[in-house]
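So the structure is just underneath, and the comments pick up after that.
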Amino acid sequence: MLPENILFSSDPSADLNHFISSRQYSMITVLVDENTRKNCLPVIEKQLPDHELIIIPSGEEYKNISTCISIWQKMTDLTMDRHSLMIILGGGVLGDMGGFCASTYKRGIDFILVPTTLLAQVDASIGGKLGIDFSSYKNHIGVFQLPALTLLFSGFLKTLPARELRSGFAEVIKHVLISDSEMWARLSAKRISEQEWEPLVLHSVQFKAQVTTTDPKEKGLRKILNAGHTIGHALESHFIALDHAISHGEAIAVGLIAESFIASKKGLLREDELNSIKHYIRSVFDKVELSEEKIEQISRLAIQDKKNRGNKILCVLLEGIGRARWDVEISVDEIKESLLFYRDQT
């Protein structure tokens, strides 16, 4: 059962028009980047009421306060009031940042998320987490705010390059690993090119929606969704700082292997389960090259993770495939060891 504000659509233009027609918005803007303007906007604008476009550059490197300032300025120049609507058409970066801007403009206006990537559909658009990067730290500034509507259209996935599809697949893998051992057996028996995306997206959305509805502000259960992210976000932040960004999914794939290694060392995960996770993820994702110097720097970045409490690095670790335990304390040395394990795998 999905929340009322999540809709799987076969005709996004008609469904958007139906939703908007039932409300009295004073102005409508559509936030796009150069890619979604070209490839996705034509799909939704056929029946869209009169609207203004706000266009920003694509890429994680633009997910910062400077881009937010430009968005807020354009909203102000358009004289958007608190009865306006922003439709955000894009991937996770655009959804996180656009939702953050909408939620803070004049203390908040309605926004609709129309996620166009696999990563955004299965993860970033569900649960109301919004934010931007700050000083190379991932999602360091943000808020919790649910969109008026999240509209999911599988047709957008056909526009994705292979690397973008793999990036989203990392979050699909994570959701399955923490929730469903039987689904893991089915998923890991197929190459990425053989996956059936609609049931996988539905599985992820249903699972994440259930978790985030139960724990909207991440006080307990919702923390399990951070599996792979303590080390993954540190890795991502490191490469952002080097101006050599890797995709979110590539970073989370490394994080899932490394954190599974820590779980096995703590006796939470069997060796055969660790090997199953490691071999499958490595079959999908190219290896990220890590020098000892990089490993040292990445390990220390985990001290800044948002899940931490005091001086403790708190991590989500698998408790067997299909279950997870949150708020497990790990050390910088354990992170180093896990990244050395990852680096040394062929």
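The values are calculated or read from the model by the stated rules, or taken from the named source; none is laboratory data. A quick note: this is a predicted structure, and the numbers were derived from the prediction, not measured. Cβ coordinates were reconstructed from backbone atoms using ideal geometry, including for glycine residues, and neighbour counts include every protein chain displayed. Areas reflect the complete protein model, heavy atoms only, side chains present, ligands, DNA and RNA absent. Shrake-Rupley method; radii C 1.70, N 1.55, O 1.52, S 1.80 Å.
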When you look at SER13, is it in contact (Cβ under 8 Å) with a residue 24 or more places away in the chain, among the small types (Gly, Ala, Ser) and in contact with a strand residue (DSSP E or B) (Cβ under 9 Å, 6 or more places away or on another chain), yes or no?
no
Quick one: is GLU334 crowded, with 16+ Cβ neighbours inside 10 Å, part of a helix (DSSP H, G or I) and over 24 Å from the mean Cα position of the chain (by Cα)?
yes
Which is farther than 19 Å from GLU164 by Cβ and open to solvent by less than 10 Å² (accessible area, probe 1.4 Å), of ALA258, ALA251?
ALA258
Residues satisfying the stated conditions in region 28-52, i.e. open to solvent by less than 50 Å² (accessible area, probe 1.4 Å) and not β-branched (Val, Ile, Thr):
LEU31, ASP33, CYS40, LEU41, LEU48, PRO49
Scan VAL32, VAL43 and give me the residue that is among the β-branched types (Val, Ile, Thr), part of a helix (DSSP H, G or I) and touching a Gly at 6+ places or on another chain (Cβ under 8 Å).
VAL43
Single residue of region 97-121 satisfying the filter (out of contact with any Asp or Glu (no Cβ under 9 Å at 6 or more places or on another chain) and of a type in the set (D, E, K, R)) that is least open to solvent (accessible area, probe 1.4 Å):
ASP110
Taking LEU119 as the residue in question, decide whether it is in contact (Cβ under 8 Å) with a residue 60 or more places away in the chain, in contact with a His (Cβ under 9 Å, 6 or more places away or on another chain) and not charged (D, E, K, R).
yes
Looking at (1) surrounded by 14 or more Cβ atoms within 10 Å (Cβ to Cβ); (2) under 21 Å from ARG222 (Cα atoms); (3) within 22 Å of the chain's Cα centre (by Cα), which is the only condition LEU268 fails?
(3)
Among the helices (runs of 4 or more DSSP H) contained in region 118-218, which hold 2 or more residues that are among the aliphatic types (A, V, I, L, M) and over 17 Å from the mean Cα position of the chain (by Cα)?
181-187
Could you check, for region 302-312, whether at least one of its residues is farther than 21 Å from GLY220 by Cβ, open to solvent by 20 Å² or more (accessible area, probe 1.4 Å) and part of a helix (DSSP H, G or I)?
yes
Do we have any residue at all in region 58-78 that's farther than 24 Å from LEU118 by Cα and assigned to a strand (DSSP E or B)?
no
Select from region 118-134 the residues that are at pLDDT below 95 and of a type in the set (S, T, N, Q) and list them in ascending order.
SER125
Check region 30-53 and report whether any residue there is among the charged types (D, E, K, R), closer than 21 Å to SER167 by Cβ and touching a residue at least 60 places away in the same chain (Cβ under 8 Å).
yes
Please verify whether HIS238 is closer than 16 Å to ILE173 by Cβ and in contact with a helix residue (DSSP H, G or I) (Cβ under 7 Å, 6 or more places away or on another chain), treating the condition exactly as stated.
no
